[in-house]
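Working notes, beginning with the structure itself.
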Amino acid sequence: MVNNLTFFIRHPFGLCRKIISKIYIFYISHSKNIIIAGKLYINGLPLIDVRNGARIEFGDKVTLHSINKGYHLNMHSSVKLFAEGEDTLLKIGKNTFIAGTCIHAYKLISIGNNCLIAANCQIIEGNGHDLSFPNVENRIHTSGMDCIKPIIIEDNVWICANTVILPGVRIGNGSIITANSVVTKDIPAMVIAGGNPAIIIKDYNNVS
């Protein structure tokens with residue numbers, strides 16, 4: 001009790017954030033569409049939006065980081081997890097750290113264990129609108145449901161800041177995606193890839 005009082009006197013806003021975080025986790029843990037297998041850590045409040053029978057599953061010790069203080073680069077917004085659609089699953093593996101990133105699942109986005117996802121990334125399973133060629137005047141009225149493809153991010157992947165991962169991509173175990181990349185196709189395991197569109201920069205598969 002004394003330690004908590006001392007902390008409050010020195011860091012009143014920090015203690016308030018901790019209390020609000022615990023209340024928030026308690027609230028979402030009682031949602032039938034959100035499954036937390038163990039502990040969930042949040043720094044700042046994420047936006048978690050689950051609709052129409054979708055589900056979000058968190059492995060043990062997942063961290064959602066949504067505040068700039070103490071973070072090594074500027075974060076434009078909080079973590080946003082958006083799952084919509086019947087039977088949609090957004091799955092985040094154990095020990096994964098996500099900072100200030102938007103993840104939008106229409107059917108399936110699976111993120112493995114021990115992943116690092118830096119700030120300002122966009123991981124989106126659909127395009128938001130259909131291509132609509134040749135009836136392009138109707139594009140504004142579409143929702144992109146014709147373009148949905150699952151995204152699979154395997155274990156131990158590091159996705160650096162400001163990266164965009166587009167529908168249908170699989171990123172293999174241990175790979176790194178460099179900052180400001182746009183990933184349009186599969187990336188194999190144990191490589192560094194980057195650019196727009198992302199290509200393999202260095203292959204570590206034969207390194208002992």
Once both axes come from the Cα atoms, what is the angle between helix 12-29 and the longest principal axis of the chain, in degrees from 0 to 90, rounded to 10? 60 degrees
Which of 137, 154, 84 ends up with the largest GNM mean-square fluctuation for the chain, with Cα atoms connected below 10 Å? 137
Would you mind calculating the relative contact order of the chain from Cα pairs under 8 angstrom and at least 6 residues apart, reporting the percent as a whole number? 11 percent
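Arranged from highest to lowest average of other beta-carbon atoms within 10 Å per residue, in what order do the peptides 190-197, 101-108 appear?
Those peptides, ordered most packed to least, come out 101-108, 190-197.
So, with +1 on the Cβ of K and R and -1 on the Cβ of D and E, and no other charges, what is the size of the charge dipole of region 47-203 about its Cα centre, to the nearest 20 debye? List each step's numbers first, then the result.
Values: 13 positive and 14 negative charges, 79 e Å.
It works out to roughly 380 debye.
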Give the separation of the Cα centroids, region 38-80 to region 81-154, in Å. 15 Å
For all pairs of alpha-carbon atoms in the chain, what percent lies in each bin of width 5 Å, listed from the first bin to the last filled one? 1, 7, 14, 18, 18, 15, 11, 7, 5, 3, 1, 0, 0, 0
What lysines does residue 91 reach when the alpha-carbon gap must be under 26 Å and sequence neighbours fewer than 8 apart in one chain are set aside? 18, 22, 32, 39, 61, 80, 107, 149, 185
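Readers should treat all values here as calculations from the given coordinates under stated rules, not as data from a laboratory. Predicted, not measured: the structure shown is a model, and the values here were computed from it. Glycine also receives a Cβ, built like all others from the backbone with ideal geometry; neighbour counts cover every protein chain displayed.
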